[in-house]
Each structure stands twice: as structure tokens, then as C-alpha cells.
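The block underneath contains the structure these notes are about, expressed in C-alpha cells.
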Amino acid sequence: MKIAVINAGSSSVKFKLFEAKSRSVLAKVTVENIGALGSDITMSFEGKKTKDYAVIKNHHEALKQILELLKTYELLLDFSSLYAIGHRVVHGGEDFCSATLIDEQVIEKLKTLIHLAPLHNRANLEGILVTRKKAPLVKQIAVFDTAFHSKMPEEAYLYALDYELYEKHKIRKYGFHGTSHSYISRLCALEMKRDIKELNIITLHLGNGSSACAIKGGVSIDTSMGFTPLEGLVMGSRSGDIDPAVVFYMQRELGLSVDEVENILNKKSGVLGICGTNDFKAIVSSKDEKSKLALNIMSRRVKKYIGAYMALLGSVDAIVFSGGVGENSAIVRKKILENIGFGIELNGYANSSNGKIISTKNSKVQIMVIKTDEELEIVNECLSFLKS
Ligand code: ADP
């Protein structure tokens, strides 16, 4: 019984094939630079890796190419033979609070949500439409990045704006990376051998995109990303929190258009804006003053969010580091937790050797490093949905 997870981006399709029962990965195929002169196709399976280039015009051709590759290595003969397909959908708005079986009605609803995340949701929907054509009888399930945060209380998700902007236009905090926060918080509770319902956890997904989440009894009660993934922590190329007046200033005084400002905040800011690269691995090992500054700004922001979430939760049992940076960089973790107070004690040896539990025995809060796996969590969500 095989199950596939599809993450369709604006110019990429990431496809992962799982054996449903064991949850083991059979193959991963990624097509990048769709629509460019040459697209990159990479595949990994059974410890092997292949790399190829081809002219791939659209998502339909990308999925056709993916199937050809899977057929070549006898990993999948047809999309129709799949047990189910899980689609990552970035924005579920207020309508989708859990994994949802995709039918015509859901597709119509998804179309109405495109304006909330135009780049992401349009591409996600395209992936869904193409896959439905190729495998009309296979159950396809949408798993939303926003769903885990859908139980946040009103005072967490409402911005202090004219209430009508929420009522009429649904301008509010939604939060993202939900699949990751949900997955790592559950693994944290398992590791602690405690019921998640009894725990207060702060999860930190730190990668190119980064977010923090305050989780009470398994429920997200606040998170750093907002109406879009631009809010909150300092990321690879996104600014995170800034005074919104900077936006007016850039338009009025610098003569920049809305699109230009949006591009600057999303693609030219964050650590990239400060030191010229968003490769955290390079930044961490660089001696350049700007790189140090970028790391200081980034880790200080995470520290501020931890403090805020400690206060919101009242008491915290665990802090979890995850994502490419959170999982791999002892230096960043140390910077974030240095002199943080709250009785939090980092075990230097466990931290630098990338252990799973990196706090001392006396630490009032357990600090953990847990590898996230959003595709696996999408499989988990699909299977528990189909079971129910
Ligand atoms: P995305 O948000 O794109 O999924 P990832 O979670 O994969 O990002 O994280 C990618 C980032 O993790 C890159 O900037 C990369 O340099 C960084 N990274 C990977 N390994 C290390 C490491 N050992 N030290 C510091 N940063 C690392």
C-alpha cells in the first residue's frame, strides 16, 4: 500500500513516495525551475541518487516526468495504484482546520483562498488539479500549514486593527509551519514519556523560513508567523517583525512600489539583508562582522519570543529546536539560550555533539533537538483521516 505526498510550489514539485504501513520512504523526486529553460530533476531511492535536466513547462509535465522515473525503477506503475495522495496546502484560511478530503466543493473553496497566499496556494491548487486528472479515483487529502494554529484564542489571532478588517476581509494571524510544530511537539511528549495534554512546550522551527509556537496541552495558543509567513522571527531572507511604518516610509520617501517593498521584505531582508547570504551554515562559520551581527539579530529575536511564550504559558516543560538551523547548529542554539534565565541550563557537551536532550539534569526546562519531517506528518494526517 503506497501513499504519496506532493508539495507543489510555484516553480517546483516535490514528490515523496511512502510505504503506508511502515511509513518508510520509497523514493523522493524533486523537479525544480519548472518553466525555465532547463529544469532540475533529482531523485533519491534505496540509497541512490540521480540528477537530470529537462525542459519542463508546467506542473502537468513535472508529474508526468516524476511518474516516468518511478516507473523506470519499478517503484510505482501508475498514480492510480496509490492508496492515497496527501497535498501540502499552505493556507487554509478559517475554513480548513484539519486534513480534508479533496472534492469539487473543496477545490472551489480553495480557489477563494488564493488571494491569502497567492504564490503558494495557486501552486498547491495546480498540483491538486493535475494529480486529480491523473488519478481521479485515488483519495486525495489536503493538509494545511495553518490548521494546527486554528485553535488559537481570539486574543492571539486578532490584530489590534479596525475590527471590520477582520470581519470583512479576514485580516488576522493564521500562523504557518503547523505540520512541523505539531509533529515535533508530539515527538517531544513521546520522548518525555508524558501525555502531551499535560505539557507546555515551545517549539522553534528554524530554517530558511522560521517560526516559534507556544503549545499548551497539544494546542497551539500562539505562533510567530502571522497573516503571512513574513511576521515574527528573523529568517533567511524575510525580515520578520518590523514597524509597519517602515513600509509607508519606503513607499513615500524612497518612491518604492508595493511590489518592490514586498520583494524587499520577503527576499532581500532577514540575515541575507544584513550579511549578504542566507546560508546559515556559512554565516555560522564566517568571521565577518556582518555575519556575526546577522546571527546576533536573528538569535536575539528568537530569545525574545521564548521569553514572551514563557510568560504566556506560565510554565514551560520543554523547548524544542528543529528545522535546518535548529537541528544542526549548536552555535545558534547556544546564542539563543545564553543568559536566558528561567532556570534554563544548556548542557554544552550535549549541545555541541547534537544530542537529542541538550539541557542539564538540573535545568527547569528540558531542551530538545528533534528533526522535523513535514512529509511524514502529512502521511500521518492522511492515514488518521482515512481511518476515521
Ligand atoms: P527551509 O525553510 O528552506 O526548509 P531548512 O529547514 O532546510 O530550510 O534549513 C536550511 C538552512 O539550514 C540553510 O540556511 C542551511 O545553511 C542551514 N543549515 C544546515 N546545516 C547547518 C549547520 N550545520 N549549521 C548551521 N546552519 C545549517
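The values are calculated or read from the model by the stated rules, or taken from the named source; none is laboratory data. Nothing here was measured: the structure is a model prediction, and the numbers come from that model. Ideal geometry is used to build each Cβ from the backbone, glycine not excepted, and the neighbour counts take in all protein chains shown.
Some observations on this one:
A quick yes/no check of all residues on (1) free of Cβ contacts under 8 Å to residues at least 60 places away in the same chain; (2) within 23 Å of V90 (Cα to Cα); (3) loosely packed, with under 13 Cβ neighbours inside 10 Å; (4) aromatic (F, W, Y):
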| residue | (1), (2), (3), (4) |
| --- | --- |
| M1 | no, no, yes, no |
| G9 | no, yes, no, no |
| V13 | no, yes, no, no |
| L17 | yes, yes, no, no |
| S24 | yes, no, yes, no |
| E46 | yes, no, yes, no |
| K51 | yes, no, yes, no |
| I56 | yes, no, no, no |
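- Filter pass, S352 being among the hydroxyl-bearing types (S, T, Y), assigned by TED's automatic domain parsing to the domain that holds S315 and within 26 Å of the chain's Cα centre (by Cα): yes
Conditions (1) closer than 14 Å to N208 by Cβ; (2) in a loop (DSSP other than H, G, I, E, B); (3) free of Cβ contacts under 8 Å to residues at least 40 places away in the same chain, marked per residue:
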| residue | (1), (2), (3) |
| --- | --- |
| S239 | yes, yes, yes |
| F248 | no, no, yes |
| V271 | yes, no, yes |
| I274 | no, no, yes |
| L295 | no, no, no |
| R300 | no, no, yes |
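- In the stretch 218-227, the qualifying residues are those that are part of a loop (DSSP other than H, G, I, E, B) and farther than 24 Å from V332 by Cβ, and the one that is farthest from the ligand (Cβ to nearest atom) is G218.
- F45 vs. criteria among the aromatic types (F, W, Y) and more than 19 Å from the chain's Cα centre (by Cα): yes
- Selection within the stretch 65-81 - part of a helix (DSSP H, G or I) and either exposed (fewer than 14 other Cβ atoms within 10 Å of the Cβ) or β-branched (V, I, T) (or both): I66, E68, K71, T72, S80, S81
- Any hit, the stretch 308-322, residues being loosely packed, with under 14 Cβ neighbours inside 10 Å and assigned to a helix (DSSP H, G or I): yes
- Residue ID - farthest from the ligand (Cβ to nearest atom), chosen from residues in the stretch 200-217 that are within 19 Å of I297 (Cα to Cα) and of a type in the set (S, T, N, Q): S211
- For the stretch 118-165, filtered to residues that are of a type in the set (S, T, N, Q), part of a helix (DSSP H, G or I) and within 18 Å of the chain's Cα centre (by Cα), the residue that is farthest from L101 (Cα to Cα) is N121.
- Only listed residue being within 22 Å of H181 (Cβ to Cβ), more than 16 Å from the ligand (Cβ to nearest atom) and among the polar types (S, T, N, Q), chosen from S329, S299, S315: S315
- Number of the condition not met by K168 [criteria: (1) in a loop (DSSP other than H, G, I, E, B); (2) without any contact (Cβ under 8 Å) to a residue 12 or more places away in the chain]: (1)
- From the list S291, S286, the lone residue that is over 28 Å from A214 (Cα atoms), surrounded by fewer than 18 Cβ atoms within 10 Å (Cβ to Cβ), of a type in the set (S, T, N, Q) and within 14 Å of the ligand (Cβ to nearest atom) is S286.
- Of all residues in the stretch 190-212, those being within 17 Å of R333 (Cβ to Cβ) and assigned to a strand (DSSP E or B) number 9.
- Yes/no for Y183 being over 21 Å from R300 (Cα atoms) and within 16 Å of the ligand (Cβ to nearest atom): yes
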